[in-house]
1. Using the beta-carbon distance between residue 57 and residue 94 and R0 = 22 Å, what value does 1/(1 + (r/R0)^6) give for FRET efficiency, to the nearest 0.05?
2. As an exercise, find the ratio Rg/Rh for the chain from alpha-carbon atoms, using the Kirkwood inverse-distance average for Rh.
3. Suppose only helical runs count, i.e. DSSP H with n ≥ 4. What mean residue ellipticity at 222 nm does that imply for the chain under -39500 (n - 2.57) per run, divided by all residues and rounded to the nearest 500 deg cm²/dmol?
4. If you average the sequence gap of Cα pairs under 8 Å that are 6 or more apart and divide by the length of the range 2-121, what percent do you get for the contact order?
5. With a ≥ b ≥ c taken as the square roots of the eigenvalues of the C-alpha gyration tensor of the range 1-73, please select rounded if a/c is under 1.5 and otherwise prolate if a/b is larger than b/c or oblate if it is not?
6. Under a crude label model (7 Å from the Cα following the beta-carbon direction), how far is residue 17 from residue 107 in nanometres?
7. Rounded to the nearest 5, what is the percent of antiparallel bridges among the DSSP beta bridges in the range 2-121?
8. Put a dot 7 Å past each Cα toward the Cβ at residue 76 and residue 29; how far apart are the dots in nm?
C-alpha cells in the first residue's frame, strides 16, 4: 500500500505491504508531482517493515524521474528523512551524494517528524 500526505512543507510517503501495481503507479505519480513544486520542502519516506522489492519496471521509472528532476529538486528539497523500523543499516552518505541533498535515517515516525523540522529550520 502507498499513501502520501502533505503537512505544510513536509511531504510524507508511506510504503506498506501488500504492494500492488496500482501502488507502484501512485508512487511514480507522486514523484512526478515533485517537479511542480516551487516552495522548499522535506521528504519523509516511511518503510517500517520489510517489504517485497519494487517491480523492476517501477525501479527503472523511479530512476528516470529522479534523474530528470534532480536539478530542480536540489534547489528546493531541504532533505530526506527515511523512517526504517527494521532492515539493514542504510548508507545515508551515499544516498546524500546521489540525490544531492541531506538524507538521514531514523527509527520512528516521531523521530522523522523531529528531523524534518530541523531540516526546515536549517539546523541540519
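1. On the way: r = 24 Å, r/R0 = 1.09.
For R0 = 22 Å, the calculated efficiency reads 0.40.
2. Working: Rg = 13.7 Å, Rh = 14.8 Å.
Taking Rg over the Kirkwood Rh, I get 0.93.
3. On the way: 4 runs with 55 residues, N = 124.
After summing the helix terms and dividing by the residues of the chain, the value is -14000 deg cm²/dmol.
4. On the way: 185 pairs, mean separation 31.0, N = 120.
So the answer I get is 26 percent.
5. On the way: a/c = 2.19, a/b = 1.30, b/c = 1.69.
It comes out oblate by the Cα gyration axes.
6. 2.2 nm
7. On the way: 6 of 22 bridges.
Bridges in the range 2-121 that DSSP calls antiparallel: roughly 25 percent.
8. Inter-label distance under the simple model: 2.0 nm.
No lab work stands behind these numbers, since they all come straight from the coordinates. Everything numeric in this text was worked out from a predicted model, so none of it was measured. Note: ideal-geometry Cβ built from the backbone for every residue, glycine included; neighbour counts use all protein chains shown.
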